[in-house]
Every structure is written in structure tokens, then in C-alpha cells.
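The values are calculated or read from the model by the stated rules, or taken from the named source; none is laboratory data. In this text the structure is predicted, and so the values were computed from the model without any measurement. Reconstructed Cβ throughout: ideal geometry from the backbone, glycine too, with neighbour counts over all protein chains shown.
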Amino acid sequence: MLVKICGAVSAGDMASLDAAGADLVGLWHGIPGGHAELSADELSALAAAAHRTARLRPVLVTFLDDAETVHRTMADARVRWVQLHGYQPPGMIRALKAAGDLTVIKVLHIAADGCVERPLIASYERAGTDLFLLDAVAEDGRIGSTARQLECAAVIEIADRIARPFLLAGGISADNRAEYQAVVEHPRFRGIDLDTAARDLGGRLRADRVMAVRRGWRAADDSGAVI
């Protein structure tokens, strides 16, 4: 099972997440007003710090909707994974996949009345999406790091429709794996993505909190496979 932590902002965060056994680290760029937004130079520096760790893979997390800009940003920062966290169209994924050997994660946003991108799922898959991330939309429409927990049934409904592996986000904690037993057992489930649960009250990423979530979610027979 993959464990992805979103919103690292320092080399110290990288060391903590590596020690805690995280697999992927989300680096924010092109998320205006985001609490972990990085400049292009900061993105490059933190990606380099991730590459120096034993296991972390850096992931560009962005709302940017221009494929050329995203590809150039990834190339400059030496990042091979990108998480399209906004409402980018399938054509952007097609353009990114054509531009190079990249791993593309597309977020599917689940609101109270269902998945916003549901009509586009097949198009995203045909465009070359490697991995979906199922995340919650806040009641006020905010997306990303909302700490709003998804209902298991809503996750399964979308998981049964997609043909690609997926990560689960939205209110993940060390204590709620049992609520998602059906999700964990789903053949396309690959891991979890968290932000709030990995932080202390001051908003700092903490290795002990990440380790607690890993212990709570990783099954005894976990293969640890990475796509």
C-alpha cells in the first residue's frame, strides 16, 4: 500500500517523511493561496531533497491547466509524477503523456451529490491517466486538504466504475481504516493520501503522526508494491 503525504515545505519535512516510511510526497506549485504553495525554485530544491532520501518520490500537485507549463515545470524540477488536482480536461493528460515518460494522477472530486468528473472518467482513462485519487469536496466547494471524510459507499461506487488503480484521500486518520474495509479490499485500491492527519496543531508535518496512520492502515500482508 502506498502512503502519500501532501504539502511538504522543507528539507526537514523530507527527512521526517522518509523516516516515517512514506512513499510519495506532494509538492504544491500552482495552487494560489495554498498553505504549502512553493515557488519554482523551492519546488526544485525540495524535489532534489526527496531524491536524496531512501524512498520518497516527489509528486507535483497543481491546479495549473496548461500542459506545456506543467511539463516544463516538471522537467526543470526533475519530477516525474504529477497530480492534477483541479478540473483539468482529459486533453491535458493526453498532452502530458505524449510529452514524456510521466506518471499522471488525476483527482476525482466527490461532493455530497456525487463525483464531479463522473462523465469524464472514461475519457481520462483513454487519455492515459495512470492513477486516480478520490478526494472530497467541501460543502463550500473547496477542493484539496479539506479534511472532509468520504463515505465508504461513495468511494466504492466510483471505484467500481474506473479501470485504473486509485488512492483514497479525504479525512484519512490513524483510526478510521475499519470504516473503509470494503475500499481496502477493492482490487484497484493502491493506498492513501493525507495532509491534515500528518500534522500537529501548529500545522507541521510529524513523523510520529505519519507512522501512526501507516500502522493503522497497513495490513499484515501488505506487499508495498509501487506502480
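Give the number of residues within segment 42-62 that are in contact with a helix residue (DSSP H, G or I) (Cβ under 9 Å, 6 or more places away or on another chain) and outside any strand (DSSP E or B).
13
If a residue has to be outside any helix (DSSP H, G or I) and in contact with a helix residue (DSSP H, G or I) (Cβ under 8 Å, 6 or more places away or on another chain) to count, how many in segment 177-200 make the cut?
Here the count works out to 7.
For the condition of a type in the set (Gly, Ala, Ser), at pLDDT 95 or above and under 24 Å from HIS186 (Cβ atoms), what is the one hit in GLY128, GLY114?
Just a single option satisfies the conditions, and that option is GLY128.
Given the conditions (1) within 15 Å of TRP81 (Cβ to Cβ); (2) crowded, with 21+ Cβ neighbours inside 10 Å; (3) in contact (Cβ under 8 Å) with a residue 40 or more places away in the chain, which single one is not true for ASP23?
In the conditions (1) within 15 Å of TRP81 (Cβ to Cβ); (2) crowded, with 21+ Cβ neighbours inside 10 Å; (3) in contact (Cβ under 8 Å) with a residue 40 or more places away in the chain, ASP23 misses (2) alone.
Hey, among the residues in segment 63-85 that are among the acidic types (Asp, Glu) and not in a loop (DSSP other than H, G, I, E, B), which one's surrounded by the most Cβ atoms within 10 Å (Cβ to Cβ)?
Checked segment 63-85; the qualifying residue surrounded by the most Cβ atoms within 10 Å (Cβ to Cβ) is ASP76.
When segment 86-135 is examined, which residues are found to be assigned to a helix (DSSP H, G or I) and of a type in the set (A, V, I, L, M, F, W, C)?
MET92, ILE93, ALA95, LEU96, ALA98, ALA99, LEU120, ILE121, ALA122, ALA127
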